[in-house]
Amino acid sequence: MNYIHSTAFTDAIRVRGLTKSFGATRVLAGVDLTVPTGSLLALLGPNGSGKTTTVRILTTLLAPDGGTATVGGNDVTREGVAVRRMIGLTSQQATVDDLLTGRENLELFAGLYHLGRRRARQRAAELLERFDLAGAANRRVGTYSGGMRRRLDLAASMVSEPRILFLDEPTTGLDPRSRAELWSVIRELLASGTTILLTTQYLEEADRLADRVVVIDGGRVVADDSPAALKRQVGAERLVLHLSRAEDAPRARAALGVPAQETALAHGVTSPHEITLALRGPEHLRCALNALRRAGIGVEHVELRTPTLDDVFFELTAAAA
């Protein structure tokens, strides 16, 4: 197991006031975030919000314009070599070679870390077993499924036994089964003491894996808390009424006292048949149905929806727009 010594520092990653521009485009406008040692932080945001730019700066692939960032207690600008010695990175594009076997890929990465031939073979065998790839070790990677390739890519990032791991949208494009398999691997890495910063487009992924979630939009942090706390901020359960006829929606909103704009921002609800409103108590459902019945509006079915990270994301990014 690889642990960062808590006597030296308690935060594996610490970012303050990070800024970055490309020409006239401001990508990061003062980002702050902290990742405690041994935890997983999920970095969320719309496309172009600055997630990948933040990861590239923290992994020393890109220099910031301003602010400070330390990884493993080392400044990413002044102590890049020390940072690179303790991190692993899985980027959006797989870095493995399709023409080599899984084993050859891992031994190649081990050679780049100067592990020596014997240790390289040993480390490759360990990782192939750990990532459930031993049975395909001698197959060319070009024959691997998408899920197998991503597991191999993650294994390659673990060759040097990094203390801190950056995963930049690691499950993009995977089918649900492959995504679940990779989630299991990530949980095992976290349980072993690895600190993980994860960027993702899948809000369910962040909800299931993260200790904390940071949402950035327009290059700024708009939320930073645990998944449970963020969902509580959205509010209570929501009542979703599925109308028999979409054309009844305006009259239904009037009968229920629901503003049109509230329905339009109903956290992912896009069907014209649906009316969504915050549930205000146990009698609210009965009162709502009675109001619709008096107005002569038919309801096909009713459901209760608890807040999700999707709700948080839609609300926060809409507010920041």
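A few remarks follow.
- If the condition is being touching a residue at least 60 places away in the same chain (Cβ under 8 Å) and over 30 Å from LEU44 (Cα atoms), then segment 278-310 contributes only VAL302.
- Residue under evaluation ARG85, criteria (1) farther than 27 Å from ALA12 by Cβ; (2) in a helix (DSSP H, G or I), criterion not met: (1)
- Selection count where residues are at pLDDT 85 or above, touching a strand residue (DSSP E or B) at 6+ places or on another chain (Cβ under 8 Å) and not in a helix (DSSP H, G or I), scope segment 224-254: 8
- Criterion: farther than 25 Å from LEU41 by Cβ, among the small types (Gly, Ala, Ser) and free of Cβ contacts under 8 Å to residues at least 60 places away in the same chain - qualifying residue of GLY116, GLY173: GLY116
- Members of segment 93-113 that are touching a residue at least 60 places away in the same chain (Cβ under 8 Å) and surrounded by 14 or more Cβ atoms within 10 Å (Cβ to Cβ): VAL96
- Pairs, first outside the structural domain of ASN105 (by TED's automatic domain parsing) in segment 148-166, second surrounded by fewer than 22 Cβ atoms within 10 Å (Cβ to Cβ) and in a loop (DSSP other than H, G, I, E, B), C-beta under 7 Å, six or more apart: none
- Among the residues of segment 282-314, those identified as outside any helix (DSSP H, G or I), within 23 Å of SER244 (Cα to Cα) and out of contact with any strand residue (DSSP E or B) (no Cβ under 9 Å at 6 or more places or on another chain) are GLU283, ALA295, GLY296.
Conditions tested, residue by residue: (1) of a type in the set (Lys, Arg); (2) assigned by TED's automatic domain parsing to the domain that holds PRO282; (3) in contact with a helix residue (DSSP H, G or I) (Cβ under 7 Å, 6 or more places away or on another chain).
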{"position": "ALA191", "(1), (2), (3)": "no, no, no"}
{"position": "THR195", "(1), (2), (3)": "no, no, no"}
{"position": "ALA206", "(1), (2), (3)": "no, no, yes"}
{"position": "VAL214", "(1), (2), (3)": "no, no, no"}
{"position": "ARG232", "(1), (2), (3)": "yes, no, no"}
{"position": "HIS242", "(1), (2), (3)": "no, yes, no"}
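- Residues of segment 49-79 that turn out to be in a loop (DSSP other than H, G, I, E, B) and not aliphatic (A, V, I, L, M), as a count: 11
The values are calculated or read from the model by the stated rules, or taken from the named source; none is laboratory data. None of the values given here were measured: they were computed from a predicted structure. Counting neighbours? That spans all protein chains shown, and the Cβs are built from the backbone with ideal geometry, glycine included.
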